[in-house]
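Report on one structure; see the data block that follows.
Nothing in this text is a laboratory measurement; each read-out follows from the coordinates by a stated rule. Because the structure is predicted, anything quoted here is derived from the model rather than measured. A quick note on method: Cβ atoms are made from the backbone with ideal geometry, for glycine too, and the neighbour counts reach across all protein chains shown.
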Amino acid sequence: MRESNSKESSADGITSFWGALSDRIGRKPVVLLGCLGTIVSLLSVGLATNFWMALIGRALGGALNGNMGVIQTMVGEMITNPKHERKCCGDEIGTRRY
């Protein structure tokens, strides 16, 4: 068993927030909100005039982009053939098995 650090704990908390929000208001609005957050974050980093503005833009992007788990859930709900399930989702987020 490995030790968890505060970065992983906060990332899990943010991801859990987006998952719960997608259960409440729907998956599509959460994915669109995440994409909009990514756009705002990238623009704020790109147009930053100092280091702190860029840092805040990156933090904003990390907080607003919880799309990976939500998108995997959407794809998992669309799959009807069980043998294709492992190909799309894998065991963990970010793994691909073909």
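Provide the FRET efficiency to the nearest 0.05 for the ILE79-LEU21 pair, computing r from the beta carbons and using R0 = 35 Å. Before the final figure, lay out the partial values.
Numbers: r = 23 Å, r/R0 = 0.65.
Efficiency computed from Cβ-Cβ geometry: 0.95.
Using a cut-off of 10 Å between beta-carbons, work out the net charge of the residues near MET74 (Lys and Arg +1, Asp and Glu -1, MET74 not included).
On the way: positive: ARG27, LYS28; negative: GLU77.
Net charge around MET74: +1.
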Just to check I understand the Karplus step: with θ = phi - 60° and J = 6.51 cos²θ - 1.76 cosθ + 1.60, what whole-Hz values come out for segment 65-72, glycine and proline as x? 10, x, 6, 4, x, 5, 5, 4
